[in-house]
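The values are calculated or read from the model by the stated rules, or taken from the named source; none is laboratory data. All values reported here derive from a predicted model rather than from experimental measurement. Positions of Cβ are backbone-derived with ideal geometry, glycine not excepted, and every protein chain shown enters the neighbour counts. These area figures cover heavy atoms from the full protein model, side chains too; ligands, DNA and RNA do not enter into them. Shrake-Rupley method; radii C 1.70, N 1.55, O 1.52, S 1.80 Å.
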Amino acid sequence: MHLALLCALCLLPSSLALPLPREAGGMNEQQWKQAQDYLKRFYSYDSQTKSAGDLEAKLKEMQKFFGLPMTGVLSPRVVEIMQKPRCGVPDVAEYSLFPKNPKWTSEIVTYRVVSYTRDLPSLMVDRFVEKALMMWGRQIPLRFKKMRWGTADIMIGFARGAHGDYYPFDGPGNTLAHAFEPGPGLGGDAHFDDDETWTDGSSIGINFLVAATHEFGHSLGLGHSSDPKAVMYPTYGSRDVNNFKLSQDDIEGIQKIYGKRNN
């Protein structure tokens, strides 16, 4: 009897499943699960608490960061932002990898490219890395020195899936890259998901120069900016390669850490 009842329950239509909470808005179950995963990764949402209040607060936190109405409800606009390719570093400072505003104390910061992507010639990757670092270097009193072997302050490479830093990549789309705050060990290192299609901006794919400039901002100690015009904005968007440059928000942020460069 009990077995028959259990089988009957399993055959009930999905429409009789428990309703989603108010915070889900009109979204479906898959979108709601993806939203919770997003908030867990980028806004320190603890899904184990099962607290509707905590979930609503995290949604409002995200909405505030992206300049959206703070309703605490999952809207189509919020879902759209969550589905955009982006950096893997959290958005809100107190939950980020940069809680103490770390910085490099040496005037010379070394870097090394330890692995490459098949999407771009290695010389082009080297050139874009140098160009991205110099965008920051022109604003602050730091110099960057390339190393061909050994351990550098900023180790740069492409990888797929799990790659030894507890932050595995997730395949094409979603998280594109991540970087670590200045410091020993992994500090300063920048990793790029080799499951993406990396380009020089002339074809469909992820512009490596744009992504690298963003990640090196993290390597120097910057968190994310809520200014959509800033290089340090967390989601990726196509940009004019010929006119690509730091925004005033980026410049003010990096100079707050290191001061202005004395020409």
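Each residue of region 31-36 in order: what ³J(HN,Hα) in whole Hz does its phi give by Karplus 6.51 cos²θ - 1.76 cosθ + 1.60, θ = phi - 60°, with x for Gly and Pro?
3J(HN,Hα) across region 31-36, in whole Hz: 5, 5, 5, 4, 5, 5.
Using only alpha carbon pairs under 8 Å that are at least six residues apart, calculate the relative contact order of region 183-238 and give it in whole percent.
Value for region 183-238: 26 percent.
Once Lys and Arg get +1 and Asp and Glu get -1 on their Cβ, which of Tyr166, Leu142, Leu246 lies farthest toward the positive end of the dipole of region 135-263?
About the Cα centre, the residue reaching furthest to the positive side is Leu142.
Need the full-extension length gain, Asp46 to Arg239, defined as separation in residues times 0.36 nm minus the C-alpha distance. One decimal, nm.
66.0 nm
What nm value, rounded to one decimal, do you get for the distance between Met70 and Ser247 when each label is placed 7 Å out toward the C-beta?
2.0
Using the basic label-point model (7 angstrom from Cα toward the beta carbon), what is the Ser203 to Ser226 distance in nanometres?
With each label placed 7 Å out from Cα toward Cβ, I get 3.9 nm.
Determine the per residue accessible area of region 119-169 with all protein chains present and a 1.4 angstrom probe, expressed in square angstrom.
It amounts to 58 Å² per residue over region 119-169.
Just grab the label-to-label distance for Lys256 and Arg127, each label 7 Å out from Cα along the Cβ direction, in nm (one decimal).
Inter-label distance under the simple model: 3.5 nm.
Cα convex hull of the chain: how many Å³ per residue?
Taking the convex hull of the Cα positions in the chain, it is 167 Å³ per residue.
Computing the accessible area with a 1.4 Å probe over protein heavy atoms, can you report the carbon and sulfur percentage for the chain?
54
Magnitude of the Cβ-charge dipole of region 112-228, K/R +1 and D/E -1, about the Cα centre, nearest 20 debye?
For region 112-228, the charge dipole is close to 620 debye.
Can you tell me the accessible area per residue over region 33-81, all protein chains present, probe 1.4 angstrom, in square angstrom?
Roughly 51 Å² per residue, with all protein chains present.
Over region 131-197, what is the mean sequence separation of C-alpha contacts under 8 Å (at least six apart), divided by residue count, expressed as relative contact order in percent?
30
So, by mean Cβ neighbours within 10 angstrom, what's the order for 242-253, 150-161 with the highest one leading?
150-161, 242-253
How large is the Kirkwood hydrodynamic radius of region 126-223, counting all unique pairs of alpha carbons, in Å?
13.9
Quote the relative contact order of the chain in percent (integer), defining contacts as alpha-carbon pairs under 8 Å separated by 6+ residues.
It rounds to 19 percent for the chain.
Helix 248-258 versus the longest principal axis of the chain: what is the Cα-based angle in degrees, 0 to 90, to the nearest 10?
Long axis of 248-258 versus the principal axis of the chain: about 70 degrees.
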